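Q: Mind having a look at this structure? Questions to follow.
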Amino acid sequence: MTPLSLEVVMTSPALRALGLASLAVLATACSQDVLEPAPFGPAAAVSTSAWADDFDAWDPARWVAGEHPLGQSMLRPENVSVAGGTLWLRSPAGTRDGAEVRSVDNFEGGTFTARMKCGLPAGAICAFFLYEWVPGNRNDEIDFEILAGTRRLMMTTWQRGRQTNHAEITLPFDPALDFHEYRIEWGSRTVSFVVDGQVMRTFNRRLPSRPMHVFANAWWPTWLSGQPATTDTFLAVDWISVGP
């Protein structure tokens, strides 16, 4: 994959107020945009290895660049690049297209962390999540989703394609201005969402249990409104790690 020479625009539009009624609508609407898995070969291996990827180079043994529709977006491999020790997931100027990476291996639990910066416009999503990714199946899922152009962070779990837990917070920082750490701690009895070392939410019932892949993506859902930027914008990922 050819590295891009990038000047990243990380300026954030003015924060839009989101009332409680609007947040309830968003929580319900999230289920309307579903990943469209393409058929592939035998089920991926379940890994117990700990690793960290600093994205000094693209590693095809670890990652697959996604290519499928999602919401208003077409996620395209050409929008994925590695340059300057960073993974860049691009939404091209004037479009609602996006980008995605998926780990080759599955995992049955552990600690999953991404250090990332969300530079997409309002109306888009920057996401770091775990997803079962079995074609034709109602999948398990654990999500961090940043509503781009705001400080809103959504934390959600899914079982067999049904939302089982959901919480939203206002981050104490602008996620477009600097890199921050987002960590999912997935155990047999709890799922915790941690930002910069601080636990934001812990769920302890109706939790996902089936093997899942690690994902990061930049995309435009149907349930948010916003206009594409006049320049390329990016979800920038400094590193991703997997641990016990």
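The values are calculated or read from the model by the stated rules, or taken from the named source; none is laboratory data. None of the values given here were measured: they were computed from a predicted structure. Cβ: placed from backbone, ideal geometry, glycine included. Neighbour counts: every protein chain shown. Ligands, DNA and RNA are excluded from the accessible area calculation, which covers all protein heavy atoms including side chains. Shrake-Rupley method; radii C 1.70, N 1.55, O 1.52, S 1.80 Å.
Q: Report the residue count in segment 55-82 for those that are open to solvent by less than 70 Å² (accessible area, probe 1.4 Å), in contact with an Asp or Glu (Cβ under 9 Å, 6 or more places away or on another chain) and part of a loop (DSSP other than H, G, I, E, B).
A: 5
Q: Residue under question is Asp143, and the condition is that it be in contact with a helix residue (DSSP H, G or I) (Cβ under 7 Å, 6 or more places away or on another chain) and either at pLDDT 95 or above or more than 30 Å from Arg206 (Cα to Cα) (or both); does it hold?
A: When the stated conditions are applied, Asp143 does not pass them.
Q: Which one of the conditions (1) more than 24 Å from Asp196 (Cβ to Cβ); (2) open to solvent by 30 Å² or more (accessible area, probe 1.4 Å); (3) at pLDDT 95 or above does Pro135 fail to meet, given that it meets all the rest?
A: Tallying (1) more than 24 Å from Asp196 (Cβ to Cβ); (2) open to solvent by 30 Å² or more (accessible area, probe 1.4 Å); (3) at pLDDT 95 or above, Pro135 fails exactly one: (3).
Q: Something else now. Just the residues that are open to solvent by less than 50 Å² (accessible area, probe 1.4 Å) and in a loop (DSSP other than H, G, I, E, B), please, taken from segment 42-54.
A: Ala44, Ser47
Q: Here is a check on your reading of the model: is Asp238 surrounded by fewer than 20 Cβ atoms within 10 Å (Cβ to Cβ) and not in a strand (DSSP E or B)?
A: Spelling it out, it is not the case that Asp238 is surrounded by fewer than 20 Cβ atoms within 10 Å (Cβ to Cβ) and not in a strand (DSSP E or B).
Q: Within segment 83-109, which residues are open to solvent by less than 10 Å² (accessible area, probe 1.4 Å) and either out of contact with any Ser or Thr (no Cβ under 8 Å at 6 or more places or on another chain) or within 16 Å of Ala127 (Cα to Cα) (or both)?
A: Leu87, Leu89, Ser91, Gly98, Ala99, Glu100, Val101, Ser103
Q: If you don't mind, there's one more thing I want to ask. For the list (1) among the hydroxyl-bearing types (Ser, Thr, Tyr); (2) open to solvent by 70 Å² or more (accessible area, probe 1.4 Å); (3) at pLDDT 95 or above, I need the number of the one condition that Thr28 fails.
A: Answer for Thr28: the failing condition is (3).
Q: While we're looking at this one, here's another question. Just for strands (runs of 3 or more DSSP E) wholly inside segment 181-225: which have at least 1 residues that are open to solvent by 20 Å² or more (accessible area, probe 1.4 Å)?
A: 198-203
Q: Next up: Can you give me the number of residues within segment 115-126 that are in a strand (DSSP E or B) and buried (at least 24 other Cβ atoms within 10 Å of the Cβ)?
A: 4
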